[in-house]
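The values are calculated or read from the model by the stated rules, or taken from the named source; none is laboratory data. Given the structure is predicted, the values throughout are model-derived calculations rather than measurements. Note that each Cβ is placed from the backbone with ideal geometry, even for glycine, and that neighbours are counted across all protein chains shown. For accessibility, only protein heavy atoms count, side chains too; no ligands or nucleic acids. Shrake-Rupley method; radii C 1.70, N 1.55, O 1.52, S 1.80 Å.
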Amino acid sequence: MIDRAQAERLIDGRLSVKRREHSQRVAAEAAGLARRFGAAPEAAEIAGLLHDYCRELTDAETLAAAARYGLEVGPVEARRPKKILHGPVAAAELAEAGLDADIVGAIAHHTTGGQGMTVLEKCLYLADFCEPGREFSGLDEVRALARASLDAAVAAAARISLLELIGRGHGVVPDALALYNETHAGN
Ligand SMILES: [Fe+2]
Ligand SMILES: [Fe+2]
């Protein structure tokens, strides 16, 4: 069990000021979404504070941690380790430190999403996408959707993320495609 004060101490010792501020904004956004859509706001807040706990490791450190925790590293992950694996690595490390399993799951999925996400997982995914410090095209649409429908907002976020990756010529991990396919199942 890791509480809010402990989560703050963990990121204070690990992350730059800029990323701690991002994490605070994600925590507030995730707690608001959780209140709106029926997840536990305290859990969402801790998930927000800790979601980028391993974001400032190097690629080599991220791969070493992934190996240590037995995480699967596919070809796409191997090309951009810290960008794609910082969530799963943080989840594994924080699970070991006693973080609740539902929060661990949210942190594990916050970058790519995945199939069958819980409400808490969707709240963190969306909060990281929408926090007030972000600005890019399509974001206003997602923010508007997030006022009424968690699933519609997550669907739009998954589509925009995928388009962005493909537009840049990056690979797409199976979890991101699974989220896109699940949220666009009627199309
Ligand atoms: Fe992240
Ligand atoms: Fe983040």
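In the stretch 28-62, of all residues being outside any helix (DSSP H, G or I) and within 15 Å of ligand 1 (Cβ to nearest atom), the one that is surrounded by the fewest Cβ atoms within 10 Å (Cβ to Cβ) corresponds to Glu56.
I'm trying to understand the selection: among the residues of the stretch 67-93, which are out of contact with any helix residue (DSSP H, G or I) (no Cβ under 9 Å at 6 or more places or on another chain) and closer than 21 Å to Ile166 by Cβ? Passing the criteria: Pro75, Arg79.
If we scan the stretch 125-133, do we find a residue that is in contact (Cβ under 8 Å) with a residue 40 or more places away in the chain, hydrophobic (A, V, I, L, M, F, W, C) and farther than 22 Å from Ala90 by Cα? Checked against the condition, which is being in contact (Cβ under 8 Å) with a residue 40 or more places away in the chain, hydrophobic (A, V, I, L, M, F, W, C) and farther than 22 Å from Ala90 by Cα, the stretch 125-133 yields no hits at all. Of the helices (runs of 4 or more DSSP H) entirely within the stretch 74-187, those holding at least 3 residues that are away from ligand 2 (no atom under 16 Å from the Cβ) and surrounded by fewer than 17 Cβ atoms within 10 Å (Cβ to Cβ) occupy 75-79, 139-146, 150-167, 174-183. Consider the stretch 5-27 and keep the residues that are open to solvent by 80 Å² or more (accessible area, probe 1.4 Å) and not β-branched (Val, Ile, Thr). The one that is farthest from ligand 2 (Cβ to nearest atom) is Arg9. In summary, Ile11 fulfils each of the numbered conditions (1) closer than 27 Å to Leu177 by Cβ; (2) of a type in the set (A, V, I, L, M, F, W, C); (3) more than 11 Å from the chain's Cα centre (by Cα) with the single exception of condition (1). For first residues located in the stretch 42-59 and free of Cβ contacts under 8 Å to residues at least 24 places away in the same chain, partners that are within 12 Å of ligand 1 (Cβ to nearest atom) and of a type in the set (D, E, K, R) and lie 6+ apart or on another chain with Cβ distances below 9 Å form the pairs Asp59/Lys82; Asp59/Lys83.
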